[in-house]
1. HN-Hα J couplings of the range 4-14 from phi, Karplus 6.51/-1.76/1.60, θ = phi - 60°, integer Hz, Gly and Pro as x?
2. Give me the percent of accessible area attributable to carbon and sulfur for the range 18-99, probe 1.4 angstrom.
3. To the nearest Å, what is the center-to-center distance of the range 3-51 and the range 93-117, using C-alpha atoms only?
4. Report the Rg/Rh value for the chain, based on alpha-carbon coordinates and the Kirkwood definition of Rh.
5. Over the range 32-99, with the other protein chains present, what is the accessible area per residue in square angstrom, probe 1.4 angstrom?
6. For a quick check, take a GNM of the chain with Cα springs below 10 Å and name the residue from Leu103, Leu22, Leu68 with the largest mean-square fluctuation.
7. Given a Förster distance of 25 Å, report the FRET efficiency between Leu110 and Ala52 from their Cβ-Cβ distance, rounded to the nearest 0.05.
8. If eta is 0.890 mPa s and T is 25 °C, what Stokes-Einstein diffusion coefficient results for the range 31-100, Kirkwood Rh from Cα pairs, in µm²/s?
Amino acid sequence: MRWIALLALCSAYLQGGLVKALNFNGAVAEMAHAELAPPGPFAAATIVLDLAAPLAILTGRFRWLGALALAAFTLMATFLVNRFWEMAPPNRMATENALFEHLGLVGGFLLVAWHDFPVKRVRRPDARQD
């Protein structure tokens, strides 16, 4: 059940990475539309992140790092693309909803990172030795 939940959390990134990899020109156009320059390297970096971070999460190898990377990426991209406060009312509501949905994803990734962050456990001197 946990793996299925992680897969669901990562599904948009896996799908987006595959679509961008299979249509690199479209990915470059998307980066140019977001005013990221140069768009080619941004598209390539996005594809790598969209595929590598979910794989880290799903395999459990550096899961916390993959989750933090997607949280940071999602937060940055959300405020870059979903600037609802600059829009007129007809488009504003859908874009505002998208921003808050993405903030929910950020929260989910932060929970995954927090849960899986490697913490060195220090044994108290008075702890019972079994």
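The values are calculated or read from the model by the stated rules, or taken from the named source; none is laboratory data. Please read these numbers as outputs of a predicted model, since none were measured by experiment. With ideal geometry, Cβ positions are generated from the backbone for all residues, glycine too; neighbour counts draw on all protein chains shown. All accessible areas refer to the heavy atoms of the entire protein, side chains included, with ligands and DNA or RNA removed. Shrake-Rupley method; radii C 1.70, N 1.55, O 1.52, S 1.80 Å.
1. Whole-Hz 3J(HN,Hα) from phi for the range 4-14: 5, 4, 5, 4, 4, 4, 8, 4, 5, 6, 4.
2. Numbers: 3370 of 4860 Å².
Ligands and nucleic acids excluded, carbon and sulfur give 69 percent.
3. That distance is 17 Å.
4. My calculation of the ratio gives 1.11.
5. Per-residue value: 58 Å².
6. Fluctuation is largest for Leu22.
7. 0.85
8. Working: Rh = 13.5 Å.
Rounded, D is 181 µm²/s.
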